[in-house]
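The values are calculated or read from the model by the stated rules, or taken from the named source; none is laboratory data. Predicted model only: the values in this text are computed from it and were never measured. Every residue, glycine as well, gets a Cβ built from its backbone with ideal geometry; the counts of neighbours run over all protein chains shown.
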Amino acid sequence: MLKTAMVVGGGHPYFDKRVYLKCVEPLSKICKEVIYVSARKRTGQYEVPDNVVDVFVDNMPIRTVKRTIFWDRVHREVILSQEPPIDLIILHDIPIGYVFPNRYVRKLKDKYQSKIIIDLHEYLPETLFPSVPENSLITNINDKMIVDPYIREADGYVVVSEHGRDYLLKKGIPETNILKSPNYAHSIPNVYGEKTNAIGFVGRLVRQNGPNAIARMARIVVEKYGLEFRFIGTDKDAVTGLFDDNWILHNEKVSFFGMLPYENMLQEISKLKFVISHLEISAKNTIYSLPNKFFDSLVSKTPIIVPSQLIEQRSILEEYDIGYYLDLEKSQWTDDLEKIFRDQKEYDRKVSNIAKHYREFLWETHESEYLDFIKRISKGE
């Protein structure tokens, strides 16, 4: 058992599914103490193990410039003020700021004599500064001046996808030091609902999800095929102004369920006949995304329809034959819905395949692999 580990979650919510449920909580099982440094306070959402110690750094600015000038210094001082030794430090994304983060990681290693693991989440150099327009020169500067020196100070790496693994391998990082750990679901429905003639979008709808493409599909689903369309995780009031045509806000066959408790959300997903993923393919971080809701839908035993351009999601659906693809680069991509909705035999086969494999998409199936990786890196093996 490790004595002390420190997890730096940065601006992620305290109970973030990746930072807390896939890192802090598992570490509490193999460490005497887990120091959890967060910019968000604990809420009553989950029962936290007694050996998790909160270190809260308040008032994190949203804007990168303000955060870099004012907050990062305070945040770094707090992290460096803990009592040594610390066996392991896990950094999520780049939570320590963009000003020579590699030098700061060196300070951490020198003071605490610890191993460092970086969980890159779904990091892409193109999205390091979201408010800056994507530009190849800026991307190269971000990567070579900030991220590359930073990651080379670490001893181990956790990534969400194959794309993340390839990114590190191209930099010469040994494959044995990389663990691919997708955003697997944390539960299954307590009771699976009976399938209904409804299709749904899961999660909070924002512009980056392709709301107008979703509305276009919803209209066809409702008017041509007579199905219902449900937004699970989106409040109607929150989408005002997202759609070019507001018919979707007033149609009786379109429902907005809002945010639901996790177990309730899974049950509602299980009632859907299909789930659709993002219908937006211009952003690179969307193309390579593997969001929590993707795996939540699969453990709820509901086939997913994704754009064929979403490489990581499509790869999993193809491997297990559990979903469908639409080519959004075709002007009449909605025509392909006909075959999906009419072929009951194909649908039944995909549902059967999900029933065979859904436990592959649960975190509990993979937690021991994660902890074994943590132990190995901590020992310097």
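Quick notes
- Which numbered condition VAL55 misses (of (1) assigned to a strand (DSSP E or B); (2) surrounded by 16 or more Cβ atoms within 10 Å (Cβ to Cβ)): (2)
- For region 160-177, the set of residues classified as without any contact (Cβ under 8 Å) to a residue 24 or more places away in the chain and farther than 20 Å from ASN285 by Cα consists of GLY172, ILE173, PRO174, GLU175, THR176, listed by residue number.
- Being under 12 Å from PHE201 (Cβ atoms) and modelled with pLDDT of 95 or more is not true of VAL222.
- Taken over region 171-191, the criterion of being small (Gly, Ala, Ser) and more than 18 Å from GLU25 (Cβ to Cβ) is satisfied by GLY172 alone.
- Restricting region 1-32 to residues that are over 20 Å from the mean Cα position of the chain (by Cα) and surrounded by fewer than 18 Cβ atoms within 10 Å (Cβ to Cβ), the residue that is nearest to ASP372 (Cα to Cα): ILE30
- Residue list for region 138-155, restricted to those being closer than 10 Å to ASN102 by Cα and charged (D, E, K, R): ASP148, ARG152, GLU153
- Residues satisfying the stated conditions in region 284-298, i.e. in contact with an Asp or Glu (Cβ under 7 Å, 6 or more places away or on another chain) and farther than 15 Å from SER181 by Cα: LYS284, ASN285, THR286
- Flag for LYS41 being touching a Ser or Thr at 6+ places or on another chain (Cβ under 7 Å), touching a residue at least 24 places away in the same chain (Cβ under 8 Å) and basic (Lys, Arg): no
- Candidate set from region 58-103 (those that are among the aromatic types (Phe, Trp, Tyr) and in a helix (DSSP H, G or I)); member that is farthest from the chain's Cα centre (by Cα): PHE70
- Failed condition for ILE281, given (1) of a type in the set (A, V, I, L, M); (2) touching a strand residue (DSSP E or B) at 6+ places or on another chain (Cβ under 6 Å); (3) at pLDDT 95 or above: (3)
- Among residues of region 80-97 that are modelled with pLDDT of 95 or more, those with a beta-carbon under 8 Å from a residue that is assigned to a loop (DSSP other than H, G, I, E, B) and not polar (S, T, N, Q) at least six positions away or on a different chain give the pairs LEU91/ALA154; HIS92/HIS12; HIS92/HIS121.
- Hits in region 369-381 (condition: in a helix (DSSP H, G or I) and not aromatic (Phe, Trp, Tyr)): GLU369, LEU371, ASP372, ILE374, LYS375, ARG376, ILE377, SER378
- Scanning region 305-314 turns up no residue that is without any contact (Cβ under 8 Å) to a residue 40 or more places away in the chain, polar (S, T, N, Q) and surrounded by fewer than 13 Cβ atoms within 10 Å (Cβ to Cβ).
- Those residues of region 117-176 which are farther than 19 Å from ILE90 by Cβ, at pLDDT below 85 and either buried (at least 21 other Cβ atoms within 10 Å of the Cβ) or within 15 Å of the chain's Cα centre (by Cα) (or both), in sequence order: LEU124, THR127
- The set of residues in region 270-285 that are under 16 Å from the mean Cα position of the chain (by Cα) and surrounded by 21 or more Cβ atoms within 10 Å (Cβ to Cβ) comprises SER277, HIS278.
- Among the conditions (1) surrounded by fewer than 20 Cβ atoms within 10 Å (Cβ to Cβ); (2) at pLDDT 95 or above; (3) touching a Lys or Arg at 6+ places or on another chain (Cβ under 8 Å), the only one that PHE229 does not satisfy is (1).
- Any hit, region 235-253, residues being of a type in the set (S, T, N, Q) and either touching a Phe, Trp or Tyr at 6+ places or on another chain (Cβ under 7 Å) or under 16 Å from GLY203 (Cβ atoms) (or both): no
To keep it simple, each residue is scored yes or no on (1) outside any helix (DSSP H, G or I); (2) in contact (Cβ under 8 Å) with a residue 40 or more places away in the chain; (3) within 21 Å of PRO291 (Cα to Cα); (4) of a type outside the set (Asp, Glu).
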site	(1), (2), (3), (4)
TYR324	yes, yes, yes, yes
LEU328	yes, yes, yes, yes
THR334	no, yes, no, yes
ILE340	no, yes, no, yes
ASP348	no, no, no, no
SER352	no, no, no, yes
LYS356	no, no, no, yes
GLU367	no, yes, yes, no
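- Contact map, region 182-209: first residue in a helix (DSSP H, G or I), second residue buried (at least 22 other Cβ atoms within 10 Å of the Cβ), Cβ cut-off under 6 Å, separation 6 or more or different chains; pairs are ASN209/HIS278.
- Filtered by the rule that a residue be among the small types (Gly, Ala, Ser), assigned to a loop (DSSP other than H, G, I, E, B) and within 21 Å of MET265 (Cβ to Cβ), region 211-248 gives a lone residue, GLY233.
- Region 210-223 - residue that is more than 23 Å from the chain's Cα centre (by Cα) and touching a residue at least 40 places away in the same chain (Cβ under 8 Å) and, of those, farthest from GLN332 (Cα to Cα): VAL221
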